[in-house]
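Report on one structure; see the data block that follows.
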Amino acid sequence: MPAVRTAAGRAGRRVQPGAGVAGRLEFLEALLVAGDPVQCAQRALSWLQRRAGVRRGLCLAAVATDGPRLIPMASLGVRDSAAAKFSVDLEARDHPLTRALLSASPVLIAGNGSGAAATPLGKTDLQAIPLAPIRAGDLPAGLLLVTPLTPAVVAEARWLGRVLGPRLAELVAARRREESGQRLQRERRLLSSIINAVTDPILLTDGEGRIIIANARAEALLATDDEQSEGRRRAVALNNMLFSAALTRRAIEGAEAPRHEVPLVDPVDGSDLLFELLSTMTSDAREGTGIVSILRNVTDLQRATAELEENYRKLRQTEADARAERDRLDLVIDSVADPILVTDPGGNTVLMNAPAEHLFTVAPEAASAEAQRLVQANDAHFSSFVSNLFFEGDSRRRSGRISLVDPGTGAALPMEAISGKIVSEHGEVTAVVTILHDRTEELERARLYEELKKVSAELEVKVRQATAELVRQNELLRRSHIALEQASALKSQFLANMSHEFRTPLNAILGYTSMLLKGVSGEMTSAQRRNLERIDSNSQHLLSIINDILDITRIEAGKMPLTLADFPIPDLVDEVLAEVEPLIARSQLEVATRVDRALPPLRSDRQKVKQIVINLLTNALKFTPEGWVRVTAAADPNTGRVAIAVADSGIGISAKDQTVIFEDFRQADDSPTRQYTGAGLGLAICRRLASMLDGELSVRSALGEGSTFTLALPRAPKDSG
Amino acid sequence: MTPAAPATLVLLVDDYADNRDIYVQFLTYSGLRVEEAENGHQALDKAFTLRPDVIVMDLSLPGLDGWEATRRLKHDPRTRDIPVIALTGHALAGHSKGAFDAGCDAFITKPCLPERLLDEIRAILAGRRPRPGESTS
């Protein structure tokens, strides 16, 4: 067997050709060590070359990739391009290689024999030996093609086919498994990048709500790690709660609920987001029940909706405002008492208020022929007025007077009409607004004004006349005043003279009486003395009357001068009492004084004050038959004035007489037989003196209960400085 | 009533005879010597010749009145120091002022009882001038 030898001599170095069982074991060992089908196939061909002298050969494996197929794993003595031609689809059942594989026993494939396709090796005959499958009955694991067709080659090849087949099938399957694992990984990556590319968060959660799968967007919202900020972790925690709650709600409400909105928080910037939750239950035999959730970001949608609603609301508001504005305008126009009309360039009335309607339209219920005629007349007047304005190019306003008639009453209405053009932006007159103002009142006012002017002029004449009369009267009055003053001066002079004339004889009477009583002319009988005393007292009375008249005259003539000085009141009271002492002694009354010794000095006319107090005291003594008389002096803390009061337990004065006693020549009980002063002028003089001193004289009394006369004086008179 | 020294001489000037008579009677009764004058000129003549101790002058006199008479007496060195007591029935305030302006030393309003006049004469001779206010009451 030279061929075998040649082959062995060329390839084998360690293995001895024909080494028998030992060579086969060596091969099996190498076969087990081979890690992949190609290596395995190459070792098989190399062993056959060395062992049986195979010159050319191919090892084809049946694989399931892209359908069942025979593909070359290794070749010996065959060019790669030729070897590639041995790749055969096993569906092609008529192919000699397919048939050879399915025959399950060694087949000779003749080169250049039957079939044009023949073998890729051309004329060379090939021995095809199917490789045994792992399990008997299965499709053979592959096909071994060898040449030359020596018995040794065939024998070794057939052995090889039995041991190589299962191993090769195993390695092919292993490689296929490995390839499909890699494909799965790739597909998984692809899937992952697809779901991550979706901008909506997508999640798969298990029955307990735990996240199994989440895309990047979902993880951004719902997953966190310790490196992230506190705020972001909180946001994520909140989002998880919200999401779980939404899932729970959905589970309760069921898939029928139209929409589930989930408000979440953007963990990055904290803004509010709104999502719509779409979730579907998935059931898997191995994985159990899960929920696929897709969250659609509807934040912008919601914002857009809100804006749309807001815009709609604004539109409605604007519409309402416009309507209100128009209503208000209508109201304003109608509330104007003057007629207002808007006329278009065609002379048609576009708008008029209620007062205008009254003038220019006929009420259906009062559509008398007369009213209609009046309305038409009004219309004609008005139209001619307005049409003039349309023809007048320049002026935008026109005012004039038109005479209208009230269709209701037939009364004439003199009207002031003011029209204004409404000009469009193109300069065209679009309308004319006319306001009519009733001039009736104005005319009436003008008439009244004229009348008033006339009356005023008349009045002026009368006033002038009256003034002249007044001047004349004044002059008369002035003259009579002068005459009166002269008369008054004459009266004072007369009284002064009279007083003098009275006094001179009275002086003689009193003088002689006094001397007689003093015994200058010798002693008298008691009857003479008594009569003389009567003469004396009457003379004294007469003198006091004359003195009183003189005082009144002097006060009235303003000729009673005041001599102001500071003096202590207690001294004055003491002096008065001393002066009146004879009267007191004669009266047998209990006379007491109660004078505040700490009273500050009074600035007044000492003589006048004394005169008043004496008068009061003598009056008290005179009108008190029995009992007491009390003189008091004290400061009144309320008024700051000094009050000198003379109180008595006398006959008193009735309320009626309390005013009378201060009048001239009046006395409640006038008795000339009284021995003391009293012409009924005393209190009148006292009151006048008191007022001259800026003081006041008052009485408090009741008939039978005594009287209290009080002289109230200021610390100093007003004009004393 | 008969003092050792010559009795005080009073010149009494009044045109009303009865009044003169009263005062003459009373003053004489009271131990004074009294000379009378019934008008201004007479008063001046008697004053210059008699040089009385005191002159009682009624102001309202016919012809030369009391004021003028007093003024002349007070301007004459012979009579300048003789006190003049003015006596008047006029109660108006102007009278007393005029009297003092004329040089009167005292002023008495009528009616004046004879004893009052005597008091006044004694007071003025004793060198006491009564206050004007007191003499009008």
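Every read-out reported here was derived from the displayed coordinates using simple, explicitly stated rules and does not represent laboratory data. Just so it is clear, the structure is predicted and the values come from calculations on it, not from any experiment. Quick reminder, even Gly has a Cβ in these numbers, built from the backbone with ideal geometry, and neighbours come from all protein chains shown.
Semi-axes of the equivalent ellipsoid of region A:481-564 are 37, 12, 10 Å, computed as sqrt(5λ) over the eigenvalues of the C-alpha gyration tensor in descending order. For A:629, A:455, A:350, A:342, the sequence from fewest to most other C-beta atoms within 10 Å is A:455, A:350, A:342, A:629. Give the relative contact order (percent, whole number) for region B:22-104; include only Cα pairs under 8 Å separated by 6+ residues. Across region B:22-104, relative contact order equals 28 percent. Mean sequence separation of contacting Cα pairs (under 8 Å, at least six apart), scaled by the length of region A:190-322, corresponds to a relative contact order of 22 percent.
Normalised by the number of residues in chain A, the mean separation of alpha-carbon contacts (under 8 Å, six or more apart) gives a relative contact order of 5 percent.
For region A:32-76, the residues whose backbone nitrogen is under 20 Å from a point 7 Å from the Cα of residue A:139, taken along Cα to Cβ, are A:37-38, A:41, A:59-74. Inter-chain Cβ neighbour count for B:8-19, averaged per residue, equals 2 (cutoff 10 Å, partner chain atoms only). Computed packing ranks the peptides B:56-69, A:311-324, A:396-409 as B:56-69, A:396-409, A:311-324, most packed first, by mean other Cβ atoms within 10 Å.
When each pair of different Cα atoms in region A:279-418 is counted once in the 1/r mean, what is the Kirkwood radius in angstroms, to one decimal?
For region A:279-418, the Kirkwood estimate is 20.8 Å.
If R0 is 45 Å, what FRET efficiency do you get for residue A:241 and residue A:311 from their C-beta distance, rounded to 0.05? The formula returns an efficiency of 0.80 here.
The modelled label-to-label distance for the pair residue A:715/residue A:319, using points 7 Å beyond Cα in the direction of Cβ, is 8.9 nm. Taking the fewest neighbouring Cβ atoms within 10 Å as the starting point, the ordered list for A:586, A:234 is A:586, A:234. Per residue of peptide A:508-518, the mean number of Cβ atoms on other chains within 10 Å of the residue Cβ is 6.
Net length available on complete extension from residue A:334 to residue A:465 is 41.7 nm, with 0.36 nm assigned per residue and the Cα-Cα distance removed. Rounded to the nearest 20, the Cβ-based charge dipole of the protein assembly as shown about its Cα centre (Lys and Arg +1, Asp and Glu -1) stands at 6820 debye.
Note on region A:288-317 and region A:204-236: Cα centroid distance 24 Å, given to the nearest whole angstrom.
Relative to the Cα centre, the charge distribution of region A:333-392, modelled as +1 at Lys and Arg Cβ and -1 at Asp and Glu Cβ, gives a dipole magnitude of about 120 debye.
By the compact-protein rule of thumb, 2.2 N^0.38 Å, the alpha-carbon radius of gyration of the protein assembly as shown corresponds to a ratio of 2.82.
Measuring between their Cα centroids, region A:417-494 and region A:368-401 lie 39 Å from each other. Listed from fewest to most Cβ neighbours within 10 Å, the set B:101, A:284 follows the order A:284, B:101.
Candidate cross-link partners of residue B:74 among the lysines, defined by an alpha-carbon separation under 26 Å and a same-chain spacing of 8 or more, comprise B:46, B:97, B:110. Of the residues A:42, A:198, A:537, the one whose Cα sits farthest toward the positive end of the charge dipole of the protein assembly as shown, with +1 on the Cβ of Lys and Arg and -1 on the Cβ of Asp and Glu, is A:42.
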